[in-house]
Every structure is written in structure tokens, then in C-alpha cells.
Amino acid sequence: MAKQIKALKCPHCGSIKKQNIKEDHYICNNCGTEYFLDNDDINVNVKHDYGKSSGLDPKAKKYVLLAIAGVLFFIVFSNLIRTCGNDSGRSFKSDDSDDSPKKKEYVDRVKEFLAFTAYNTKNPMLLFIITRSKDGFSREGAEYFARFYDPIKEKTVNDIPLAGWKDDYYIRSRVFSDGNYYICADKSNKVYKIDPAKNEVVDMTNTFFTDVPELSSGIATLKFTQDREGDGFNIMTNDGKEYYYYPLARKIYKNHSERREAGTGLSSLLSGAITSVYYTFSEKSTDYPEEKIQLIKYWYKNNPGYPIMLPYSHQVSWQKVYQYPKKSGIYYGSFPFTKKLMKEPRITKFVDLTPDRLYFKANIAYQDSTNLYITGLPDANPEGKTFIQKIDTETGKIIWTYMPKSDNYSIEGDMYGYNGGLVFSYYDRATNGSTNRIIMIANDGKVVKDIERDEIFKR
């Protein structure tokens, strides 16, 4: 195709002033745009080169640049003023705040809890065992904490890491005769004391067990003796031997018979023995079936810190105690007998605290020197709703009765007294998805707090 002669104009500014740089390639002298002409087409191809002159007058360029800089400065300064104004009067939020990324990296799950009296108050303090993991349930890489929580203020007071704690550990607690609260876990080898003044747990393992020759090989496992047996531990040492050890008295016993001998009878009592008051329910008697179930208050002599052997319910039953001849052998015939409810000579006195009352599936829920709480059913119907009652320890009268509003629930066995009342939990099956609830009731029967246990630390 023959080339046609045309006046070439700059495709950017329309100027015909141009400079030829090579065949069919030009640069506009007005705006600096580079363009070229295809031989076989009438299209003009444009190349923009921003590194070269924009075509503006140098003076105009200066004003444009100053205007842009002014706009940018105004935007930055306005944002700075706005940020300072929003932060005034507000504390800086640390990386550990609730909405920080760190908080979203794990989930805290309540494994179990206990309660005691908050320092210098009559209010409860809760101690939770917390499992911390990525999803709240995974065991791999999980961490464990003793978390002190004020339920009245709804505030976490302190978190204490529990090194070496495991998911299959279950907390056990006991108030010893020295007035201190101690905790340990089944299968573990450590025991802690709760310090209510500092809301901490203090490792007492070395304090309790160091310098005891029988324990020199080290402790493999330990657990509390049953609460009816006093302030002691069942211990297995690293060399496989088993002992009963009472740390407050610094006394160790090689077997159950030796320990029982130290905790029964009057001859084993030491000087300085005291009398303590306890409560129990009797059981149905075979010898005297007409005798009803009774709530018994009894007085028991003991040495604080040493072994005791309080009677179990099956040992509190009206029975005939025969006076057999002192010679050994098997005897036939009629022998004189005495009607007895309790045979342990350390029990110096007992009374039926509620002689006019009938009981059904009744149990002692919690007792201390001034308080008594029981559970039971309203009547003989085994499908009835379980109640909790506070009983006047002098008159036997019912101070208050509590029953959950749910139609389907089960009350947990462990209950904790504090100076102002009682803490316990129950499992509510009637609600959607079922819930674990923690209830705090004051001495006058008023519900101080009703908490959904599994949701406390999800807020």
C-alpha cells in the first residue's frame, strides 16, 4: 500500500510541532509524548514516558507539588488529632486484653471447682481447676491452672500454673484440724495449701514429707484418707511400700490395723484430747426394724491431727450387743444383751436431733462446727425431687429448703461451706443442651449467685 501524506498531529495535545528521532518515530515538542506511525495502517501508536517532561511549565509544576503536599499534610495531621482525642482518658490496652489475638489462641475450660471463705469477709471465693487448650477439649499441649475467682465481683483474682497436672487428675480437698484448706489430686504426688490472704496455692509436699525416713525413696502417689479417718494421707513410695501418714502429728502407720488401733478406743487417746461434735444418719435396723431413720448429733473425743475413726452410716444402727462369756468358743442359748446405737467408746454422748421427723434417702451434705446441711427426698417416692436443707444444730428445725426449679436435675455430692453460707452445684438436664450450675446460698436461704459453670470464662 502506498503511503498517504497527512499532517501528523500529536495524539496527546494535537500539536504538529514534533521532532523525528528515527524512521516514522516522533517526539512532540510541546508535551513530550513519543509516538510512531505504522507503515501499513493509519493508526498512530503512542508511548507515554512519565520520566520526561509533562508539558507543564516549571512554575506550574511547583504550585501543583505544593498543593499536593499541603493536602497530604492536612490528612495526616487530622488523623493524628482524632486518634489522640479518642485515647484521652483511656488506659492503654495491653497485648493480653480480652480482644487481643493472644486471647483468641486458646480456650479455658472449667474442669472442677471448690469453694472457701474469701479473706477477711463472709463471702465465698471459688477455686477452679482450668484446662487451657486450643479448642478447650484437646489434651495435647494443654496447660492447667488454679484460678481464684470472686463470684460476687465476677472477677478473676489470680491464676496459678499447676506444673505437672494431668487431665485425668481429679481434685480432692480437706480442711484439716489446723483450720487450713489442703488440696491434692488422685494419682498425683503433691499436696497444696490454699492461702486465702494471697489467693495462692502453696506446695506443701516437701514441708509435710521431708525427713520422714520411711518416705526417703520419694512419693509415687498420695491421696487423702477418707474424711472420717482424720487429717491423713494414703501414700505409696517409689519403692512400692504403702503407708498412712498424718503430717500435723508427724505420725506414720505401716498398715490399716496399726492406724485403726491409734484411732479407736480410749486407751489410744493422748493428753490434751478434745471433744468435737459431728452428725450422721442412722440406718434401718435388723434387730429393731421398728426404729426409724434418725438424724444423730454426737460428741467424739479425739486428738487433733491424729487418726480418728468416725462411724460410717452402716455402723450407726440399733442392734443387740450380747454379753457372751469371756472364754473363747461358740455359744448357744440365751444371753443377756444391751440395745445400742453406737459402740465406739470415744463417742461419749449422742441425741436424736429431730425425733419427730421422717427421712427418705437422707445424707449429710456438709457439716462443720456451726453448720449442718442435709439432702433427701420429700417422701418415700424414689422419683421425688432432691432437696437441700440447712438444719439448726441446736433445735433440729429446718432453717431453709432449696430445690432447683428444673424438672430434671441431679445435685453433685461435694458441697462447700463458707462463713456466709453454702456453695454447691447441680446438673440441669431439663434445659436446652443441659447445664452445670453453681449455686451460692446465704445463711438466711437467699440465693446469692446462680452461675452457669461452663460459660463463666467464655464472656
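Restricting attention to region 93-119, and to residues there that are small (Gly, Ala, Ser) and modelled with pLDDT of 50 or more, which single residue is farthest from the chain's Cα centre (by Cα)?
Per the criteria, the residue is ALA118.
Looking only at region 333-388, count how many residues are touching a Phe, Trp or Tyr at 6+ places or on another chain (Cβ under 7 Å) and among the charged types (D, E, K, R).
4
Which ones in region 385-411 are of a type in the set (Gly, Ala, Ser) and either modelled with pLDDT under 95 or within 14 Å of ILE439 (Cα to Cα) (or both)?
SER406, SER410, listed by residue number.
In region 124-137, which residue that is surrounded by 14 or more Cβ atoms within 10 Å (Cβ to Cβ) and farther than 17 Å from GLU200 by Cα is modelled with the lowest pLDDT?
Applying the filter and picking the extreme gives GLY136.
What residue, of SER406, SER410, is among the small types (Gly, Ala, Ser), under 21 Å from the mean Cα position of the chain (by Cα) and either part of a strand (DSSP E or B) or surrounded by fewer than 18 Cβ atoms within 10 Å (Cβ to Cβ) (or both)?
SER410
For ASP211, state whether it is farther than 30 Å from VAL351 by Cβ, among the acidic types (Asp, Glu), part of a loop (DSSP other than H, G, I, E, B) and more than 33 Å from the chain's Cα centre (by Cα).
yes
Condition first: under 26 Å from GLY179 (Cα atoms), touching a Ser or Thr at 6+ places or on another chain (Cβ under 7 Å) and not in a strand (DSSP E or B). Now tell me which residues in region 231-269 satisfy that.
ASP231, GLY232, LEU248, GLU261, ALA262 - these are the residues of region 231-269 that are under 26 Å from GLY179 (Cα atoms), touching a Ser or Thr at 6+ places or on another chain (Cβ under 7 Å) and not in a strand (DSSP E or B).
For ARG437, indicate whether it is buried (at least 16 other Cβ atoms within 10 Å of the Cβ), in contact (Cβ under 8 Å) with a residue 60 or more places away in the chain and touching a Phe, Trp or Tyr at 6+ places or on another chain (Cβ under 9 Å).
Spelling it out, it is not the case that ARG437 is buried (at least 16 other Cβ atoms within 10 Å of the Cβ), in contact (Cβ under 8 Å) with a residue 60 or more places away in the chain and touching a Phe, Trp or Tyr at 6+ places or on another chain (Cβ under 9 Å).
Of the numbered conditions (1) assigned by TED's automatic domain parsing to the domain that holds PHE176; (2) touching a residue at least 60 places away in the same chain (Cβ under 8 Å); (3) under 30 Å from ALA362 (Cβ atoms), GLN226 fails exactly one; give the number of that condition.
Against the list (1) assigned by TED's automatic domain parsing to the domain that holds PHE176; (2) touching a residue at least 60 places away in the same chain (Cβ under 8 Å); (3) under 30 Å from ALA362 (Cβ atoms), GLN226 comes up short only on (2).
Look through region 199-218, keep the residues that are of a type outside the set (A, V, I, L, M, F, W, C) and within 17 Å of ILE129 (Cα to Cα), and return whichever of them is surrounded by the fewest Cβ atoms within 10 Å (Cβ to Cβ).
ASP203
Out of the residues in region 139-193 meeting the condition of being among the β-branched types (Val, Ile, Thr) and more than 14 Å from the chain's Cα centre (by Cα), tell me which one is surrounded by the fewest Cβ atoms within 10 Å (Cβ to Cβ).
In this case the residue turns out to be ILE152.
Could you grab me the full set of residues in region 174-199 that are assigned to a loop (DSSP other than H, G, I, E, B) and of a type outside the set (A, V, I, L, M, F, W, C)?
SER177, ASP178, GLY179, ASN180, ASP186, LYS187, SER188, ASN189, LYS190, PRO196, LYS198, ASN199 - these are the residues of region 174-199 that are assigned to a loop (DSSP other than H, G, I, E, B) and of a type outside the set (A, V, I, L, M, F, W, C).
Can you find a residue in region 165-173 that is closer than 30 Å to ASN302 by Cβ, modelled with pLDDT of 95 or more, assigned to a strand (DSSP E or B) and not hydroxyl-bearing (Ser, Thr, Tyr)?
Within region 165-173, not a single residue is closer than 30 Å to ASN302 by Cβ, modelled with pLDDT of 95 or more, assigned to a strand (DSSP E or B) and not hydroxyl-bearing (Ser, Thr, Tyr).
For PHE360, state whether it is more than 23 Å from ASN180 (Cα to Cα) and in a loop (DSSP other than H, G, I, E, B).
Judged against the criteria, PHE360 is a match.
Being among the charged types (D, E, K, R) and on the phi < 0 side of the Ramachandran plot: is that true of LYS339 here?
yes
Has region 417-431 got at least one residue that is among the small types (Gly, Ala, Ser) and touching a helix residue (DSSP H, G or I) at 6+ places or on another chain (Cβ under 9 Å)?
Yes, that holds for at least one residue.
Out of ASN255, ASN238, report the one residue that is in contact with a strand residue (DSSP E or B) (Cβ under 7 Å, 6 or more places away or on another chain) and surrounded by fewer than 16 Cβ atoms within 10 Å (Cβ to Cβ).
Result of the check over ASN255, ASN238: ASN238.
So for region 130-138 (the condition being among the acidic types (Asp, Glu), assigned by TED's automatic domain parsing to the domain that holds GLY240, out of contact with any Pro (no Cβ under 9 Å at 6 or more places or on another chain) and under 23 Å from TYR253 (Cβ atoms)), does at least one residue qualify?
There is no residue in region 130-138 that is among the acidic types (Asp, Glu), assigned by TED's automatic domain parsing to the domain that holds GLY240, out of contact with any Pro (no Cβ under 9 Å at 6 or more places or on another chain) and under 23 Å from TYR253 (Cβ atoms).
For region 334-350, indicate whether the set of residues that are free of Cβ contacts under 8 Å to residues at least 12 places away in the same chain and either outside any strand (DSSP E or B) or surrounded by fewer than 17 Cβ atoms within 10 Å (Cβ to Cβ) (or both) is non-empty.
Yes, the conditions are met somewhere in region 334-350.
Mind checking whether some residue in region 306-319 is more than 27 Å from PHE424 (Cα to Cα), among the hydrophobic types (A, V, I, L, M, F, W, C), more than 31 Å from the chain's Cα centre (by Cα) and not in a loop (DSSP other than H, G, I, E, B)?
Among the residues of region 306-319, not one is more than 27 Å from PHE424 (Cα to Cα), among the hydrophobic types (A, V, I, L, M, F, W, C), more than 31 Å from the chain's Cα centre (by Cα) and not in a loop (DSSP other than H, G, I, E, B), which makes the answer no.
The values are calculated or read from the model by the stated rules, or taken from the named source; none is laboratory data. A quick note: this is a predicted structure, and the numbers were derived from the prediction, not measured. For neighbour counting, all protein chains shown are included, and Cβ atoms are generated from backbone atoms with ideal geometry for every residue, glycine included.
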